[in-house]
Amino acid sequence: MSYENIIVEVHGAVGLIRLNRPKALNALNTALIRELNLALGAFSEDPQIGALVLTGSEKVFAAGADIKELQTLTYMDAYLGDAIRTWERLSYFRKPAIAAVAGFALGGGCELAMMCDFILAAENAKFGQPEIKLGILPGAGGTQRLARFVGKAKAMELCLTGRMMDAQEAERCGLVSRIVPSESLLEEALRTAKAIASMSLPIAMQIKDCINSAYETTMTEGVKFERRNFHAAFATQDQKEGMAAFIEKRPAKFVNR
Ligand code: HXC
């Protein structure tokens with residue numbers, strides 16, 4: 001499969017997708033999202049792939065939805081065409097997904113990064129939801145995810161002013177899991193993804209499901225959901241192997257990998 005707006009690579013058990021519209025600062029247009037979804041579908045179905053890294057370039061993750069494409073959109077186009085619905089595909093990707101963000105992650109770019117399971121940020125990363133400056137608002141989950149991840153005050157301030165925050169601030173407020181030197185961002189993201197992909201895929205998927213359910217449900221229901229998943233772990237060969245390997249003082253060799 002050849003793509004025009006993204007670059008797709010396989011690094012061992014890790015699928016890598018690079019957003020690649022350099023002249024438009026990786027602005028996310030319909031064609032790019034279509035290709036992204038195709039690549040996500042292919043990685044979902046590929047049993048060799050145990051984790052995903054989504055990244056941009058060293059200068060920009062993505063400067064948001066393509067404003068030139070949105071400029072002429074009418075309400076009827078948006079409503080009848082259910083604009084932005086196709087962007088959700090990443091949030092349904094079941095394998096672990098890491099966003100490796102260098103440079104700008106703005107508007108839809110920030111929203112795409114937040115659909116991943118966690119964000120690793122380069123020192124030069126800048127995050128923001130500047131839609132208000134364009135006379136619109138975040139439309140791919142930005143108001144919802146940002147509020148849940150960084151809290152009301154910071155989400156309100158960022159979305160209402162449209163200001164950017166740097167990597168340090170993003171780490172302090174919990175939007176990113178770690179800051180990495182810019183020159184080693186991709187290497188570190190791949191290393192992290194490979195470590196995850198070397199473990200049991202069904203268990204990683206259960207962990208992802210459980211943590212995501214914390215944002216959707218009550219504590220009591222969430223804990224119950226976790227316990228059911230915990231019980232189910234004992235039906236896997238990977239649990240037998242992981243515990244046997246510990247007792248026998250050897251590295252585990254998981255079956256579902
Ligand atoms: C289309 C874009 C773009 C975008 C940049 N470009 N961002 N094109 N959509 N979102 C294009 C510019 O038009 C320009 O093209 C080229 O990329 C380089 O951009 P410059 O502005 O010259 O670069 P620079 O001065 O370095 O400034 C970088 C920047 C700025 C701060 C990131 O480009 C910027 O503010 N971009 C818009 C950010 C934004 O508002 N994002 C939210 C979009 S709305 P030419 O042809 O002139 O060289 C959104 C809605 C999401 O995301 C909701 C639904 C998903």
Task: the stretch 1-44, subset assigned to a loop (DSSP other than H, G, I, E, B) and small (Gly, Ala, Ser), residue surrounded by the fewest Cβ atoms within 10 Å (Cβ to Cβ) - done: SER2
Open item on the list: Just checking: which of the strands (runs of 3 or more DSSP E) contained wholly in the stretch 48-167 hold 3 or more residues that are in contact with a helix residue (DSSP H, G or I) (Cβ under 7 Å, 6 or more places away or on another chain)?
Closed with: 51-55, 97-101, 118-122
Open item on the list: What are the pairs with Cβ atoms under 6 angstrom where one residue, in the stretch 159-181, is at pLDDT 95 or above and the other, located anywhere, is aromatic (Phe, Trp, Tyr) and within 16 Å of the ligand (Cβ to nearest atom)? Sequence gap at least six, or different chains.
Closed with: MET165/PHE127; ALA170/PHE127
Open item on the list: Restricting to the stretch 8-43, give me the number of residues that are among the basic types (Lys, Arg) and either touching an Asp or Glu at 6+ places or on another chain (Cβ under 7 Å) or within 11 Å of the ligand (Cβ to nearest atom) (or both).
Closed with: 2
Task: All positions within the stretch 182-210 that are out of contact with any helix residue (DSSP H, G or I) (no Cβ under 9 Å at 6 or more places or on another chain), among the hydrophobic types (A, V, I, L, M, F, W, C) and free of Cβ contacts under 8 Å to residues at least 24 places away in the same chain - done: ALA195
TODO: Being within 28 Å of GLN206 (Cβ to Cβ), of a type in the set (Lys, Arg), surrounded by 16 or more Cβ atoms within 10 Å (Cβ to Cβ) and under 16 Å from the mean Cα position of the chain (by Cα) narrows it down to one of ARG89, ARG94, so name that one.
DONE: ARG89
TODO: Kindly establish whether PHE118 is surrounded by fewer than 23 Cβ atoms within 10 Å (Cβ to Cβ) and touching a residue at least 40 places away in the same chain (Cβ under 8 Å).
DONE: yes
TODO: Name every residue in the stretch 133-162 that is buried (at least 16 other Cβ atoms within 10 Å of the Cβ), within 13 Å of the ligand (Cβ to nearest atom) and at negative phi, in order of residue number.
DONE: PRO138, GLY139, ALA140, GLY142, THR143, ARG145, LEU146, LEU158, CYS159
Open item on the list: For the stretch 74-91, give me the residue count where each residue is in contact (Cβ under 8 Å) with a residue 12 or more places away in the chain, within 12 Å of the ligand (Cβ to nearest atom) and of a type outside the set (A, V, I, L, M, F, W, C).
Closed with: 2
Open item on the list: Tell me whether the stretch 122-130 contains one or more residues that are under 25 Å from GLN71 (Cα atoms) and either more than 11 Å from the ligand (Cβ to nearest atom) or surrounded by fewer than 18 Cβ atoms within 10 Å (Cβ to Cβ) (or both).
Closed with: yes
Task: Residue match in the stretch 198-215 (condition: closer than 18 Å to ALA100 by Cβ and in contact with a Leu (Cβ under 6 Å, 6 or more places away or on another chain)) - done: no
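The values are calculated or read from the model by the stated rules, or taken from the named source; none is laboratory data. None of these values were measured; they are calculated from a predicted model. Cβ: placed from backbone, ideal geometry, glycine included. Neighbour counts: every protein chain shown.
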